[in-house]
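The values are calculated or read from the model by the stated rules, or taken from the named source; none is laboratory data. Keep in mind the model is a prediction, meaning the values are calculated, not measured. With ideal geometry, Cβ positions are generated from the backbone for all residues, glycine too; neighbour counts draw on all protein chains shown. Side chains are part of the model used for accessible areas, which takes the heavy atoms of the whole protein and leaves out ligands, DNA and RNA. Shrake-Rupley method; radii C 1.70, N 1.55, O 1.52, S 1.80 Å.
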Amino acid sequence: MARDPDYGAFVDKFVLELTSSAHDQPLQGLTFAVKDIFDMEGYVTGFGHPDWARTHSAATSTAPAVLAVLRGGATCVGRTVMDEMAYSIDGENIHYGTPTNPCAPDRVPGGSSSGSAVAVGAKIVDFSLGTDTGGSVRVPASYCGILGFRPSYDAVPSAGVVPLAQSFDTVGWFARDPVILSRVGHILLQSPVMDPIKPSQVIIAEDCFQLSNIPNDRLGQVLVKSVEKIYGGHILKHTVLGDYVKEKVPSLEHFTSKDIKELENNIPSLAALSNAMRSLERYEFKDNHSEWITTVKPELGPGISERVWKAVRTTEENVDACHSVKTELHAALSTLLQDFGILAIPTVPGPPPKLQTDPATLEIFRAKAFSLLSIAGVSGFCQVSIPLGMYDNLPVAVSLLAKQGSDAFLLNVVESLYGTLKEQVEITEK
């Protein structure tokens with residue numbers, strides 16, 4: 001059972017709302033929580049580590065993303081636990097404790113926006129704010145059985161947010177309900193509410209679905225049948241994404257090692273994509289934080305410690321190649337999807353790992369996960385993780401991606417499909 005009624009999700013609880021005479025505020029009556037990476041005036045941003053909190057003073061202003069949802073009428077009820085320095089997708093924190101996964105208490109909640117996802121999954125708040133660089137909204141959303149949205153790169157202002165790696169950092173959000181997901185999205189994206197546009201095509205990445213250890217009738221097929229029902233089967237296409245990426249992103253050759261080619265159950269071009277992304281992420285993390293790390297020498301948990309010190313020791317080599325990969329992938333996927341195309345992949349390669357899984361075992365799972373996560377990460381496209389119920393008592397999720405800047409369109413697609421996906425899951429489970 002959860003350790004406390006709050007599932008260990010919060011570092012700080014309070015009630016904060018902006019008084020307004022407006023009655024038509026879109027988020028009126030909704031509560032939310034904020035990841036401890038966003039500045040909030042008068043609070044110390046903790047960045048997942050007590051030493052960070054100890055060595056930094058209270059913020060003098062509030063991050064624009066937080067202000068936007070407050071102005072939209074929502075009430076903030078606290079700041080949430082996150083992985084140390086946001087450098088993990090697992091959700092375990094040795095200092096603040098690991099928030100309890102409401103779907104599967106013996107499993108990790110996913111990170112680094114762990115507390116934000118748990119607060120929504122446990123129905124403590126209506127929505128929450130997180131950040132997603134390598135997967136920190138999409139992963140915990142999938143592990144906690146809720147909706148998680150990673151917007152297009154640069155679509156939501158990241159001012160007042162402690163950076164991890166600026167080439168990939170995004171401000172994302174969680175909700176249980178697609179209507180609330182959209183409402184929050186329209187506020188954060190500053191996009192007008194528009195009439196839903198039907199997708200021109202829904203491309204199923206066959207090889208990506210084969211990476212998952214969830215049977216396809218509980219994953220890809222649920223989506224296929226829902227798309228057929230809502231939009232008609234003629235818009236469905238199938239592709240082997242790894243082959244397409246290999247052909248269209250020549251700069252990946254800099255990141256294809258002998259180990260990758262021999263990787264079992266992985267897609268070599270997407271593993272190379274993940275290598276490129278993690279390489280640039282390390283370099284930017286070092287640029288942002290190495291001075292603090294080498295001065296303060298914070299105690300770091302297993303897995304995170306190795307990653308942080310590897311980043312501190314990283315060099316500039318291949319940084320240009322990383323940027324070439326970004327440009328080429330963006331162009332390749334823009335051509336593949338066109339204006340209103342959707343790409344479908346599993347969010348992660350399987351159910352959430354058990355708590356305190358041995359780091360070496362986790363690393364294999366992480367490698368496969370990053371092959372899927374780096375598609376949106378490197379291209380800058382928007383991605384939503386959608387829960388598909390439980391399989392073997394563990395949460396399952398599928399992801400939809402759309403072209404950079406098509407966030408409002410993607411939010412509408414989720415609203416249109418969500419009910420049917422839920423029905424399809426129920427049919428399959430019978």
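Take the residues in region 89-148 that are among the aromatic types (Phe, Trp, Tyr) and not in a loop (DSSP other than H, G, I, E, B), then tell me which one is surrounded by the fewest Cβ atoms within 10 Å (Cβ to Cβ). Please lay out each step first, then the result.
Taking region 89-148 as the starting set, the residues that turn out to be among the aromatic types (Phe, Trp, Tyr) are 96, 127, 143.
Filter once more, keeping what is not in a loop (DSSP other than H, G, I, E, B): 127, 143.
Details: PHE127: 27, TYR143: 34.
Here the answer is PHE127.
When ILE427 is evaluated against the numbered criteria (1) within 24 Å of GLY134 (Cβ to Cβ); (2) aliphatic (A, V, I, L, M); (3) out of contact with any Ser or Thr (no Cβ under 8 Å at 6 or more places or on another chain), which criterion, by number, is the only one it fails?
Evaluating ILE427 over (1) within 24 Å of GLY134 (Cβ to Cβ); (2) aliphatic (A, V, I, L, M); (3) out of contact with any Ser or Thr (no Cβ under 8 Å at 6 or more places or on another chain) leaves (1) as the failure.
Going through THR295, THR314 one at a time, which residue ends up being part of a loop (DSSP other than H, G, I, E, B), among the β-branched types (Val, Ile, Thr) and within 29 Å of TRP52 (Cβ to Cβ)?
Details: THR295 fails: part of a loop (DSSP other than H, G, I, E, B).
Unique residue meeting the criteria: THR314.
For region 316-327, which residues satisfy the criterion of being touching a helix residue (DSSP H, G or I) at 6+ places or on another chain (Cβ under 8 Å) and open to solvent by 70 Å² or more (accessible area, probe 1.4 Å)? Give the steps one after another, and end with the answer.
Filtering region 316-327 for residues touching a helix residue (DSSP H, G or I) at 6+ places or on another chain (Cβ under 8 Å) gives 316, 318-319, 321-326.
Hits for region 316-327 are GLU316, HIS323.
Take region 365-403 and flag every residue that is in a strand (DSSP E or B) and farther than 24 Å from VAL179 by Cα.
Going through region 365-403, the residues in a strand (DSSP E or B) turn out to be 382-391, 394-402.
Answer for region 365-403, where residues must be in a strand (DSSP E or B) and farther than 24 Å from VAL179 by Cα: TYR391, LEU394.
Which residue is nearest to the chain's Cα centre (by Cα), if the candidates are limited to region 186-213 and must be part of a loop (DSSP other than H, G, I, E, B) and of a type in the set (S, T, N, Q)? I'd like the intermediate steps shown before the answer.
Here is the first cut: in region 186-213, the ones part of a loop (DSSP other than H, G, I, E, B) are 190-200, 212-213.
Now drop any that are not of a type in the set (S, T, N, Q), which leaves 190-191, 200, 212-213.
Details: GLN190: 20, SER191: 21, SER200: 25, SER212: 18, ASN213: 20 Å.
Across region 186-213, the extreme among qualifying residues is SER212.
Would a scan of region 55-64 turn up a residue that is out of contact with any Asp or Glu (no Cβ under 7 Å at 6 or more places or on another chain), within 30 Å of PRO353 (Cβ to Cβ) and surrounded by 16 or more Cβ atoms within 10 Å (Cβ to Cβ)?
Going through region 55-64, the residues out of contact with any Asp or Glu (no Cβ under 7 Å at 6 or more places or on another chain) turn out to be 55-58, 64.
Cutting the leftovers down to within 30 Å of PRO353 (Cβ to Cβ) gives us none.
Checked region 55-64: no residue is out of contact with any Asp or Glu (no Cβ under 7 Å at 6 or more places or on another chain), within 30 Å of PRO353 (Cβ to Cβ) and surrounded by 16 or more Cβ atoms within 10 Å (Cβ to Cβ).
Of all residues in region 221-243, which are within 24 Å of the chain's Cα centre (by Cα) and within 20 Å of ILE267 (Cβ to Cβ)?
The first filter runs over region 221-243 and keeps only residues within 24 Å of the chain's Cα centre (by Cα), leaving 221-224, 226-227, 239-242.
Selection gives LEU223, THR239, VAL240, LEU241, GLY242.
Restricted to region 18-50, and to residues that are among the hydrophobic types (A, V, I, L, M, F, W, C), open to solvent by less than 10 Å² (accessible area, probe 1.4 Å) and in a loop (DSSP other than H, G, I, E, B), which residue is nearest to ALA68 (Cα to Cα)?
Going residue by residue through region 18-50, those that are among the hydrophobic types (A, V, I, L, M, F, W, C) are 18, 22, 27, 30, 32-34, 37-38, 40, 44, 47.
Those left that are additionally open to solvent by less than 10 Å² (accessible area, probe 1.4 Å): 27, 32-34, 37-38, 40, 47.
With in a loop (DSSP other than H, G, I, E, B) added as a condition, the list becomes 27, 37, 40, 47.
Working: LEU27: 10, ILE37: 16, MET40: 12, PHE47: 21 Å.
Filtering first and then ranking leaves LEU27.
Does ALA367 qualify as being small (Gly, Ala, Ser), touching a residue at least 60 places away in the same chain (Cβ under 8 Å), out of contact with any Gly (no Cβ under 7 Å at 6 or more places or on another chain) and open to solvent by less than 10 Å² (accessible area, probe 1.4 Å)? Outline the logic, then answer.
On the way: small (Gly, Ala, Ser): yes; touching a residue at least 60 places away in the same chain (Cβ under 8 Å): yes; out of contact with any Gly (no Cβ under 7 Å at 6 or more places or on another chain): yes; open to solvent by less than 10 Å² (accessible area, probe 1.4 Å): no.
The answer is no for ALA367.
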